[in-house]
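The structure appears right after this line, and notes come after that.
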Amino acid sequence: MSEANPWSVIQGIAERRIAEAQERGDFDNLPGAGKPLQLEDDSAVPEELRMAYKVLKNAGCLPPELADRKEINNLVDLLEHCEDERERVRHMQRLRFLVTRAKMRRQRPLHLEEDDPYYDRLLDRLQGLRANDAPDMRRKGEKT
């Protein structure tokens, strides 16, 4: 005597309820009917973190790694347009701190590897800033 698979029983019940709902018209006029689904690409998120990231996103929170990346991008933008030398140095120190903190938190490099599309942009921006830096960035009264 073979035992019935409990999942096949549940699947049968689900299919029957779906068919009944279709007959009643419960699925007619749903928002987005006839339009392609907007699927999120979460392939860059490690599989074990996807559910947690989804919960955070639905709650309107940003995971710490993404918040750091967002702040890094904002700092790079600020550095591009910063005229004040002291302000620029403060932004560069903050940028260095964020990258170091991200590396320590993850015990591996921040996603700024050479194949990362942001890596080249970040290097180009920082090299452009370095070329525009004053040749003498010493503090007043400081000797070399």
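Derivation of every value follows stated rules applied to the coordinates shown; laboratory data play no part. Just so you know, these numbers come straight off a predicted model, no measurement behind them.
In order along the stretch 12-20, the phi-based Karplus estimate (6.51 cos²θ - 1.76 cosθ + 1.60, θ = phi - 60°) of 3J(HN,Hα) comes to x, 5, 4, 4, 5, 5, 5, 4, 5 Hz; Gly and Pro are listed as x.
One Cα centroid belongs to the stretch 69-101, the other to the stretch 18-47; the line between them spans 42 Å. Each residue of the stretch 70-82 was assigned a 3J(HN,Hα) from its phi angle through the Karplus curve 6.51 cos²θ - 1.76 cosθ + 1.60 (θ = phi - 60°); the sequence is 5, 5, 4, 4, 5, 5, 4, 4, 4, 4, 4, 10, 7 Hz, with glycine and proline shown as x.
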